1. Over the Cα atoms, compute the radius of gyration (one decimal) and Dmax (the largest Cα-Cα distance, rounded to a whole number) for the range D:290-501, in Å.
2. Given a 1.4 angstrom probe, I'd like the percentage of the accessible area of the range D:290-501 that is carbon and sulfur, rounded to a whole number.
3. Once the range D:83-170 is represented by equal point scatterers at the alpha-carbon sites, with solvent omitted, what log10 I(q)/I(0) does the Debye formula produce at q = 0.13 Å⁻¹?
4. How large is Rg over Rh for the range A:360-468, taking Rg from the Cα atoms and Rh as the Kirkwood inverse mean of 1/r across Cα pairs?
5. In whole Å, how far is the Cα centre of the range D:167-208 from that of the range A:434-459?
6. What pairs in A:241/A:381; D:87/D:170; D:38/D:411; D:163/D:229; A:118/A:459; A:170/A:593 have C-alpha atoms more than 31 Å from each other?
7. Rounded to the nearest 0.05, what FRET efficiency do residue B:120 and residue B:144 have when you use their Cβ-Cβ distance and R0 = 35 Å?
8. What number results when the radius of gyration of the range A:186-341, computed over Cα atoms, is divided by 2.2 N^0.38 Å?
Amino acid sequence: MNDISFIQAALAVLFLPLFGFTVTLFFGKRFSKMYLFEVAIISIALAISIYLLFMKLVYFTDAKFVAQIPWINMGDMPGFGKMVIDLGIMIDNVTVIMLFVVCLISALVHYFSIAYMKGDKRYNRYFAYLGIFTFSMLGIVFAHNMLMIYIFWELVGLSSYLLIGFWYEKKSASDASKKAFLVNRVGDIGMLAGILLLFTTYHTFTFDVIFEQIKAGQLPFNSGFWMTVTGILLFCGAIGKSAQFPLHVWLPDAMEGPTPVSALIHAATMVAAGVYLTLRIFPLLTGDALLFIAIIGALSAFIPATIALTQNDIKKVLAYSTISQLGYMTMAIGVGAYSYAFFHLVTHAFFKAGLFLGSGSVIHAMHHEQDIQQMGGLKNKLPITYYTILMYSLAISGIPLTSGFLSKDGILASAYAFGGLTGHQIFAYTGFLVALMTAFYMFRLVFLTFHGEPRNQHKYDHAHESPALMTAPLITLAILSVFAFYTANPFDAGKGWVMSSWIKTPGSVVPEVLRYPFMVEKKTESAENAHEAAIPEQQVNIVHSEEYTEAMHHAHLPAMLLSLLVALAGIGTAYLFYMKKVVDVDKLTSKIKPLYLFSLNKWYFDELYAATFVAFTMGVSKVLAWFDSYIVDGIVNGSASITKYLSNASNLFDKYVVDGLVNFMAIFSGFLGIFVRKFQTGKVQTYIVMVAFSLIVLLFIFI
Amino acid sequence: MTYYTFAFYAFAAIILLSAYAVVTSKNVIYSAFSLMLTFFGVAGFYALLGADFIAIVQLIVYVGGILTLMLFGVMLTNKITETEIKTGVFQVLPASIIIGMFSGVLIASISNNRWTVAEKLNNPQNSLVGIGSILMNEYILIFELLGVLLLIALIGAASIARK
Amino acid sequence: MNITLNHFLIVSSLLFSFGLYGIVTRKNAVMVLMGIELILNAANINFLAFSRYSNSIDFGQVAALFVIILAAAESAIALAIVLNIYKTFVNINVDEIDKLRE
Amino acid sequence: MNTNYFFESLNFLRPEVVITVFLAVVLSFDLAFPKLKKVLPYLTALGIIISSGYAVQDFLSMQQPQPISSASKLPLLAFDALAVFFKIIILASSLFLVIFSEKSSEIKSTVERLGEYYSLILGMILGMLILVAATDFLLIYLAIELMSLSSYVLAGFLKTSTKSTEASLKYVIYGSVASGIMLFGISLAYGMTQTTNLFVAANSLTMNPGNPILLVFVSLMILSGIGYKISSVPFHFWTPDVYEGAPIPITAYLSVASKAAGFAVLIRFVKTVYPPVDGLMMISAYNINWKQILIYLSIMTMTLGNLSALWQDNLKRMLAYSSIAHAGVVLAAMATMNDEGITAILIYFVIYLLMNFGAFFIVMLIRNEINSEHIDDYNGLGYKMPFYGVMLSIFLVSLTGLPPTAGFIGKLYVFLALVNSKMIFLALIALLNSVISLYYYIRVMKHLYLMGSNDQAETLKVSFSNILVALILAIPVILFGIYFGPVADFAKNSAVMLGVR
């Protein structure tokens, strides 16, 4: 197999889902079985992706395939210089692994959905949407430049909008899809600004070219500060897409979509895209930017974990758990543990997708009941679901012999070592604390759902195990959560093939003064050899100093033991609370009621955004009202009646302020919109007065 | 020069007083006749400035054409049976303030500017030859364009006003 | 006391301001058109005054001639529109013709 | 009298002469054969096509700027790439206007006055063609008046509709006052510079700038006349009212061609009369900071346009506000005051022409069917009229500026120009505005597809010619979004050949 056929196969995987989408969408109305076409297409894509994974990892371990065509060649732009924009794909190990993850989970979700969505009136369209989503996600995976990432990024946003709002007749669903879309746009503005900054500095969007130029010492506006700003701006896109603090509010609401969609979008692929982007730009992140990322990651890991402790909606628990785990990955990137972050991304994708599909199976069995307080004792009714979910829960809690143990342990050890080297111990503490809470809330969910007495006898009686089309994906994912796929030694992933030969940390390209002290480049002979061998990937491969390797080595054992300890402690506490009932949970909660409510109400984030916003808007409205009554009224002869205006405003408040940040933009601009359109009184003479007035104002501004 | 000065002030008074009457009089007909006076005053100014030809054109076109048009407008848009044709005003206060500021700034900056003025003014000559030559040479394009403009105005007005 | 350029300019500025004032305060559409005529006359006084005081009166006359022709054309169209307004709304109070707004 | 020179300079005026001749032809044809109203649009279109042929020929033959002067040394018209480029844009929009008028049921209802309709259109085109090349204040003023007088009548062409009548009254009053203020400014400018020619005025101002306050004031007064044509805030007030009331083809035309002509004259005015002191500062001589003025105007224009558009239920009115917002984006590009900004403007106008006409065309066709432009009446139309729904969505997405449509490319160029001139702040504001605009454009699609009855009765049959016209507009919108080299080259060449300093 040569380069060209490899690239062709990759392009085939990329465009197959688009083909599936187009055909399914257009013929969906005519043929009721059209969804089978989409399912077949995705299966083919999965098969090719497995083949690619195998070929790349076994035969081309160190190679990097790049194919590009010039898309727009504008030659010399006046005042700008050469401008050529390329379209292209890049395939390295990270790409193929991600490709496999996306294809596998997408295919499993397709199979699962055949049974789960049966009877829906837009059955075919649902599959078409899955196809366009998969296409856009793969576009991000393959992209070799920022512009393509941005284009596919928006496409992912659009297709997730379609999927979250798939049941748009439900108001909550269409609201949630809007919220997701808009919150993501907030992050995307930052990202676009970052991309434009890069583009104006380097006149290209291509990663490799940008990295080379940075390495040659060219920085945006020639300052390290702007390099940091660029990194943080690009990361803003990841904050939005990966639902990181403070833009995490959309993900729990997005659970209004169909459950398999949650498994696809909110566990394995779309939310991981943010982390994937951060990994792609890793070389250009400065130490300050990485620290910022680590802080955001730690906050996103901690806050949702505390919220998940008290939630009763099965999907909400999983949603907050997802944010928390994504925070883990982000934090790992921030402390420089590139490879563990990606490793955790992969393992988490499998078990979290499994958890969502498992919860889908439960919900399906319970006839769309999502409250875990209404469940209980389902162990006997749903044995397969139960055992697979148990497996996933062990994995996410970090119990040995599972995949989750390997990756989580690696992250904790890195954070621990990072603390030792830089003094920022807080990340390690946060990590352990979150691990404790994770174990607790996952097993709280398991115990409440599957053990004990049925709390709703009627629903319990009607519960039944899901069909094989739904259980088979669950079993597949449960098997993938076993350690054996990743390493031979169940206690140390570092020695396994994934970490030692597949995922390699790219070297930082920013000037050394801007990096973490331990991320210096070793001038060893291996690097020089690599240079002679002219294998591109290895040239930038050597990252960490000796002392870092040393610290990692020492951190490994204590971190492993401690993490095991907290995981067991978490499970044990959950067992005592919910199985043995040693402690009366109700009494406990009433004792620490403020804390409990704080967690139950999601730290009042939505309300906080609402409140700060309301205060701000009220302030603005007071100013505007003053302006209106004293100045505008005089000018427009009372036409802008203040009472009407305020009542409009308060109506709007009632209607919109409920939902926090999303509506920030909507209401603020909408509000201003109401204000400014009052100037349009319909009286042409008033217009002329305003023109005269503006002429005087402009005169005073400009003399 | 005393006659000249006297004439200037007389015409200025006519212009300003009648213009004031145009914009404040309640009765539309009074306004229209005050407007005629203003046009006369302006024509007088033109004559003072040596533009005899334009002064005549002003009288013919404005008084004979535009003003008559206006009066027709007034008559056609008011019920004839009403003895007094009155009209209201609105937004007087804001308009006065803003336009007061506007003209204050305008007059202040105009009077503070040093205009380029010829050292010795020529005595006005018969200027028709000069006008004709400019119209046919430098501004021939504008002259032709005005022909089209009048045609368009004719078509437009007819198109709207006819039944 | 000699009459200088500024004298003419001040009169024309005042005339301009009166015109603008009339435009924005009178309800009757025909009166609004009269205000516009005042503005155009003010500009014409400027043209003639400037050209007179820089010894190029011919140019000023040409410019003024253009403006007068244009004023005639404009008022013809405007009055036709006002007549049509009267036919449609049965009143020509500009401030009441405000159905299109916000 | 030097008649020879007059006839020689006619060579530079071929597009204008053709339009004038056809104005006479259309008028006499209508008088001679009152029964043959059907021929008039074809006759008009023929004139426009011949005229654009000459314009394109001029564009191709253009090597360097050649101002036309008449007998004496004062040139009245510039014959340069900027002017010819805008002439082509105007003529192209005029061709679409004729096609639209032929398809509009509103215009069809006035069939007995079609002769007047097309004569007025030709008059308006002539005014614009002169305006984009004019280098003399008097000529600028008269050209603006020529196009305005025609458009006053055209806006109120539906005599029986109250909306249309009201629009024309507001337009005529507002327009006369704005151009009156401009004329007053011009008269003062004449006093300050002793000339009405832009080039001479620039020289004269360099020697004797005069009172700075007066200079700013006069510039602002002249700006008010131009600003009202491009509907920049705070001179925009007429725009929504007139756009809503006027017949749709006229609204579309005003929002593209008239705006283009306004921008051409604004560029020429600012760049000619106020040349920058040096290339770096871009703050012009004699105390006028045009860069700052344009930045303020641009921010106000796009923000106000977008914010007001949020609450509009009438699609025409919404598009009116949206066109205000687009003018703000163009002003932002102009605020860079360099060639890259001008290139961005030229590209933006080509794209804006396509997408704006497209949106108005679909709105017009839908109006022909349901006799309404209210957004609530659009509920579920995406299923009843699938073709229109898809087309409208394409144009609206492009107007928003999302990839992969041409609108994105247009915005991209503007942003690049801004970022390269280190005007990041303005670029960020423009970006935020794009986000706001997303709301109201998407809202239309929501009504088209997500609201109202889904159970479509039968889909509407769309005539072949309508499909053709819509595709002529839509295919470039998509194509230029993906492969926009041709547009970029075209505009780049024009910008290189810019005759203005």
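The values are calculated or read from the model by the stated rules, or taken from the named source; none is laboratory data. Every value quoted in this text rests on a predicted model; they were computed, and no experiment measured them. A quick note on method: Cβ atoms are made from the backbone with ideal geometry, for glycine too, and the neighbour counts reach across all protein chains shown. The protein model used for the area step is the full one, side chains on, heavy atoms only, and it has no ligands, DNA or RNA in it. Shrake-Rupley method; radii C 1.70, N 1.55, O 1.52, S 1.80 Å.
1. So, for the range D:290-501, Rg and Dmax equal 17.8, 61 Å respectively.
2. Details: 4380 of 6450 Å².
Of the solvent-accessible surface of the range D:290-501, carbon and sulfur hold 68 percent.
3. Debye output, listed in q order: -0.47.
4. Working: Rg = 17.9 Å, Rh = 15.6 Å.
Result: Rg/Rh = 1.15.
5. 79 Å
6. Details: A:241/A:381 37 Å; D:87/D:170 28 Å; D:38/D:411 40 Å; D:163/D:229 21 Å; A:118/A:459 21 Å; A:170/A:593 33 Å.
Result: A:241/A:381; D:38/D:411; A:170/A:593 exceed 31 Å.
7. Values: r = 37 Å, r/R0 = 1.04.
The computed FRET efficiency comes out at 0.45.
8. Numbers: Rg = 16.3 Å, N = 156, 2.2 N^0.38 = 15.0 Å.
Normalised Rg, Cα atoms only: 1.09.
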